[in-house]
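Here is the structure we will look at.
The values are calculated or read from the model by the stated rules, or taken from the named source; none is laboratory data. Since the model is a prediction, treat every value here as computed from it, not as a measurement. Here the Cβ positions follow ideal geometry from the backbone for every residue, glycine too, while neighbour counts run over all protein chains shown.
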Amino acid sequence: MRTLTQRLRAFGAFWYDFVVGDDWRVAVVVVVALAATFGVSKTSIAAWWIMPAAVVIILPVSLWRARKKS
Amino acid sequence: MTGTGGALFAAVFLACAVEAVEAVTIVLAAGTARDWKSAGYGVGAGLFALAVITAALGPAVTAIPLGALRLLVGGLLLVFGLQWMRKAVLRASGHKDLHDEEAIFQRELAAAKSADAQSRWAVPDWYSFTLSFKGVLLEGLEVVFIVLTFGANAHDVPLAALAAVIAVVLVVLVGVAIKAPLSKVPENTMKFVVAVMLTTFGIFWGAEGADAHWPGNDGALLVIAPIVALYALSLVAVLRRSAPRPTSPAPELQTAER
């Protein structure tokens, strides 16, 4: 029989895999980009470009890491 | 239906159709190899669990103020979209095997045939029940997530739900009619398109939620989507050069699963 701790751990692992997936760096970059967008939007500088820029940077980085693994 | 409404409908429809195809493959394997009655109970239990989750999450999601919702959901959609995009680009460039429903069906079928028979409570075959239940619940969770996030953000949950229902009913009807995995569905191409749409909406809503203002407002979506698609295709082209094994013919973004 699995203990409560094991069940909770499995539950947490499921949601981590569901939301974050194979590469946690992607999630970190998205969170940092959102924070940067929020910060820059409070200045006179346009902030809309930060999210697309984050995607342009993190997608190839994540792909290259996956390619190395494969 | 507005342009944004059309994009919302298309994104939810495609994403839900893909998830439904995967769930149908699992249920078909459980029913064909073991016991249709138990597989049916598993589908029912899975749908009930999804209904409970939706009833709990739905009002909570729609009660969040729009700015905070767009920030949260935009971020989640972008992480989700980039996960899909990563797999789609790796598949299209030959670095990951294409998603093959026929192969998955045969694998599930073999596993189901070799498992021991065991009845529990009113369920004649527990293996069929749990296989179907897990398939419906796990694939269904993604459907619920997509419907709630897209629908709540666009202030049109009914349209998102309608797109999901049409997609799921269509796939289930075809699956029941042919009683075989839907291997002719261009699933890999659909996943690529869904990845582009999730990423596009994630970028757009995430930035809006973080108080950025897009030039052209909603019209920016019409610029972001093709740029994301072109960028992903260019990454496919670059990665194909270092594909682990030469494939003949070249692994195109295929129109039909083999």
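Miscellaneous remarks
- Segment B:28-76, subset within 30 Å of A:Thr37 (Cβ to Cβ) and not aliphatic (A, V, I, L, M), residue surrounded by the most Cβ atoms within 10 Å (Cβ to Cβ): B:Gly74
- Here B:Ala92, B:Ala154, B:Ala167 are screened, and the one residue that is at pLDDT below 85 and more than 25 Å from B:Ala33 (Cβ to Cβ) is B:Ala154.
- B:Val73 vs. criteria closer than 16 Å to B:Glu108 by Cβ, among the aliphatic types (A, V, I, L, M) and part of a helix (DSSP H, G or I): no
- Test: residue in segment B:192-213 that is at pLDDT below 80, under 22 Å from B:Ile104 (Cα atoms), out of contact with any Phe, Trp or Tyr (no Cβ under 8 Å at 6 or more places or on another chain) and buried (at least 16 other Cβ atoms within 10 Å of the Cβ): no
- Within segment B:221-242, considering residues that are farther than 22 Å from B:Gly94 by Cα and modelled with pLDDT under 90, the one surrounded by the most Cβ atoms within 10 Å (Cβ to Cβ): B:Leu221
- Taking the listed residues B:Val79, B:Val27, B:Val21, the one that is of a type in the set (Val, Ile, Thr) and in contact with a Gly (Cβ under 7 Å, 6 or more places away or on another chain) is B:Val27, with no other qualifying.
- A:Thr37 being farther than 19 Å from B:Ala68 by Cβ and of a type outside the set (D, E, K, R): no
- Enumerated helices (runs of 4 or more DSSP H) restricted to chain A, each holding at least 1 residues that are small (Gly, Ala, Ser), over 27 Å from B:Ser234 (Cβ atoms) and more than 8 Å from every other protein chain (Cβ to nearest Cβ): A:4-19, A:24-41
- The residues listed here are B:Val61, B:Val89; of these, the one that is of a type in the set (Val, Ile, Thr), more than 14 Å from chain A (Cβ to nearest Cβ) and either without any contact (Cβ under 8 Å) to a residue 24 or more places away in the chain or in a helix (DSSP H, G or I) (or both) is B:Val61.
- Among the residues making up segment B:92-108, those that are in contact (Cβ under 8 Å) with a residue 24 or more places away in the chain, more than 9 Å from chain A (Cβ to nearest Cβ) and among the small types (Gly, Ala, Ser) are B:Ala92, B:Gly94.
- Residue in segment B:26-48 that is of a type in the set (D, E, K, R) and within 14 Å of chain A (Cβ to nearest Cβ) present: no
- With respect to (1) part of a helix (DSSP H, G or I); (2) over 25 Å from A:Trp15 (Cβ atoms); (3) of a type outside the set (D, E, K, R), the lone exception for B:Val52 is condition (2).
- Helices (runs of 4 or more DSSP H) enclosed by segment B:126-245 - at least 3 residues per element that are closer than 15 Å to A:Pro52 by Cα and within 14 Å of another protein chain (Cβ to nearest Cβ): B:187-209, B:220-240
- Given (1) within 21 Å of B:Asp35 (Cα to Cα); (2) modelled with pLDDT under 85; (3) out of contact with any helix residue (DSSP H, G or I) (no Cβ under 7 Å at 6 or more places or on another chain), index of the condition B:Tyr127 fails: (3)
- Being surrounded by 11 or more Cβ atoms within 10 Å (Cβ to Cβ) and at pLDDT below 80 is a description that applies to B:Pro251.
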